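Read through the structure below, which is laid out as C-alpha cells, and then see the notes.
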Amino acid sequence: MEDKEKRREEYIGKYIEQLSDESTPYRLRAAEALGGCADPRAVEPLIAALADSENEVRWVAVQALGKLRDARAIEPLLPLLADPDRWVRRGAAWSLGELGDQRAVEPLLPLLADKKKDVRAAAADALGKLHDPRAAGTLSAALEDEDEPEVRTAIRRALREITGEAEF
C-alpha cells in the first residue's frame, strides 16, 4: 500500500512539474491529470496555469479547478468570465457552478448575453447550481430574448433549480 501512495506522490509531483513544460501537449496532459487527482496540492499550480500562453491549456486548467472543487480557485476564476477566449469563459462559468460559491452570481449574469450560445448555456447552468434567487430576474429576462433552444432549456432548468417551480 505504501508503494502505491509513494508512486501517487511522484506522479503528482511530475504533473505539477509538467505544467510549466515548454511542450503544450505535456502541459495539457498535466492539467487534465491534476484535475482528476483530487489532491489539494494541484490547486496552486493549476491557478498558475490560468496564465498559460495557450488558450487550450488555460481551458483545461479552468475545468480541472472546477473538478477539484477547492475554494482557492474562486477568486482567480472570476476574472476569466470576461476572457477573450470563449472556451475559457465557458470553462470558468462551469467551474464556478461546480464550486458553488455565491460570489460568482453577479459576475456570471452578464454571460447570459454572451455572443456565444455555449457560453450563455454554461452561465445559465452555473447559475442554476448556485441556487441564488438574485439570478431569477435576469434569467427570466434572458429567456424572453433567447432564440437558441439549447440555451432556453438551460435557462428554464436554472430557473427551476432556483425557484423550485415546474414551468417557465
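Summing +1 for each Lys or Arg and -1 for each Asp or Glu among the other residues whose beta-carbon sits under 12 angstrom from that of ARG72 gives -2. Remark: the stretch 3-16, residue by residue, has Karplus-estimated 3J(HN,Hα) of 4, 4, 5, 5, 5, 4, 4, 5, 4, 4, x, 5, 5, 4 Hz, where x stands for each Gly or Pro and the curve is 6.51 cos²θ - 1.76 cosθ + 1.60 at θ = phi - 60°.
Remark: the stretch 21-32, residue by residue, has Karplus-estimated 3J(HN,Hα) of 5, 6, 7, 4, x, 5, 5, 4, 4, 5, 4, 5 Hz, where x stands for each Gly or Pro and the curve is 6.51 cos²θ - 1.76 cosθ + 1.60 at θ = phi - 60°. Using the Cβ atoms and a cut-off under 11 Å, what net charge is assigned to the surroundings of LEU81, where Lys and Arg are +1 and Asp and Glu are -1? Its environment carries a net charge of -1. Take 116-123, 103-110, 137-144 and order them by the average number of nearby Cβ atoms within 10 Å per residue, most first; the result is 116-123, 103-110, 137-144.
Backbone phi angles across the stretch 44-51, fed through the Karplus curve with coefficients 6.51, -1.76 and 1.60 (θ = phi - 60°), yield HN-Hα couplings of 4, x, 5, 4, 4, 5, 5, 9 Hz in residue order; Gly and Pro are listed as x.
Taking the Cα centre of the stretch 99-144 as origin, work out the dipole magnitude from +1 charges on Lys and Arg Cβ and -1 charges on Asp and Glu Cβ, in debye rounded to 20.
Working: 7 positive and 7 negative charges, 24 e Å.
Around 120 debye, computed over the stretch 99-144.
How big is the shadow of the Cα convex hull of the chain, averaged over all directions, in nm²?
For the chain, the mean projected area of the Cα convex hull comes to 10.6 nm².
Applying both filters, DSSP loop and at most 15 other Cβ atoms within 10 Å, to the GluC sites (Glu not before Pro) of the stretch 47-115 gives GLU54.
Values in this text are rule-based calculations from the coordinates and carry no lab data. Predicted model, so just to flag it, every value in this text is computed and none were measured. Reconstructed Cβ throughout: ideal geometry from the backbone, glycine too, with neighbour counts over all protein chains shown.
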